[in-house]
Amino acid sequence: MKLSLASLALLAASASAFTAVTPAGRASTSLNILAGTQSATERVANVMAALPEENEAIDALVKKNFPGAISNKAMETKIASILEAKGFTPANTLLCTMLPMSLMPVHLLFYAIKNSDELARNLEDDLNKVYGHNFNLGGLSGFPFAGNTGFGAMSAHVPDDGFCLLVHGPHVGISKDGVIGKVERSGIALVDNCCGSAIAASNYLKGITDGGAKITTKLQQFSDFQQGAVQELILPHGKRLNDADNRMKELPYALYDSQDILVRDIINGGKGGIKQGLALLSGIQINTGPDTLDYFHPLRFDYYDADGNVVESMIDELSVSE
């Protein structure tokens, strides 16, 4: 049987996909935990130097609408310092994230990946540069769809003498005009929805509470399983959202309350896999336009010991004035 050059090239590419490669200058783990002697605080300082300066107008706008929020720039600097004091280093820490996947048109997806302006990934991208590639357990709206099995798989990649930094939370946009649930995107004229999955679930719920929902036989579809689950998990918050002064502002907090229960249950179920310790950082990601800093409203920053017990809340250390 003769194979064309194109077929041979395809076979070669397929074979190379299964060839183990150790990136230069990194530890020999598939997740690329960062090797070297540079500390997390040194690495984060380098990352922060590349970010834009604080925009006073945007800073005031975000903090007016989301009291307790701090810029990613300030928060990431504090996280590195706090965890470094507990023994977390780039060489022994696995970054695990449960952050939202994006809903966007396919023709924009390559653009977003190529230009690294995917809104829900900004915080994750920054932390990648400090702690190495992350193990992703999240899905639509930030729900931990990988569940107990995913957490167990992630735990197996943590070094025996190492730690896990787990970051989770839904995200919400705020435009420069102060519209919550909307945000400017790089290279796109349309001021877009943020988060699309959450807003779709909110609209589904509103249809139920307003009595306008249509009867359907498609209650659960595998082809859209995650969105169906998001819609089910938001159901308990129907009255809360209807009573809110600003539904889009309340929406990420409602999502967070459901996610917080699930994430802590997953950690508790897999606590036997915790090595030296685990830090859980969770809250609301607040995305702004492409030329301004993103923000985060931290709602939980807990430290779990090697036995899987929460032994310290570090949230107050993040709440110190910038």
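Details
- Strands (runs of 3 or more DSSP E) lying entirely in the range 263-322 (those with 2 or more residues that are under 19 Å from Pro144 (Cβ atoms) and within 19 Å of the chain's Cα centre (by Cα)): 277-287, 295-304
- All of Leu280, Leu318, Leu241, Leu255 fail the test of being in contact with a Lys or Arg (Cβ under 7 Å, 6 or more places away or on another chain), under 17 Å from Tyr204 (Cα atoms), open to solvent by less than 10 Å² (accessible area, probe 1.4 Å) and touching a residue at least 12 places away in the same chain (Cβ under 8 Å), apart from Leu241.
- Ala229 being within 14 Å of Pro100 (Cβ to Cβ), open to solvent by 10 Å² or more (accessible area, probe 1.4 Å) and modelled with pLDDT under 85: yes
- Residue count for the range 162-177, restricted to those that are surrounded by fewer than 24 Cβ atoms within 10 Å (Cβ to Cβ) and either out of contact with any Lys or Arg (no Cβ under 7 Å at 6 or more places or on another chain) or in a helix (DSSP H, G or I) (or both): 4
- Failed condition for Asp265, given (1) buried (at least 18 other Cβ atoms within 10 Å of the Cβ); (2) under 21 Å from Ser141 (Cβ atoms): (1)
- Top-ranked residue in the range 133-161 [being of a type in the set (S, T, N, Q) and touching a Gly at 6+ places or on another chain (Cβ under 6 Å); ranked as surrounded by the fewest Cβ atoms within 10 Å (Cβ to Cβ)]: Asn148
The values are calculated or read from the model by the stated rules, or taken from the named source; none is laboratory data. All figures in this text were calculated on a predicted structure; none of them were measured in a lab. So basically every Cβ, Gly included, is an ideal-geometry build from the backbone, and we count neighbours across all protein chains shown. With ligands, DNA and RNA removed, areas are computed over all heavy atoms of the protein, side chains included. Shrake-Rupley method; radii C 1.70, N 1.55, O 1.52, S 1.80 Å.
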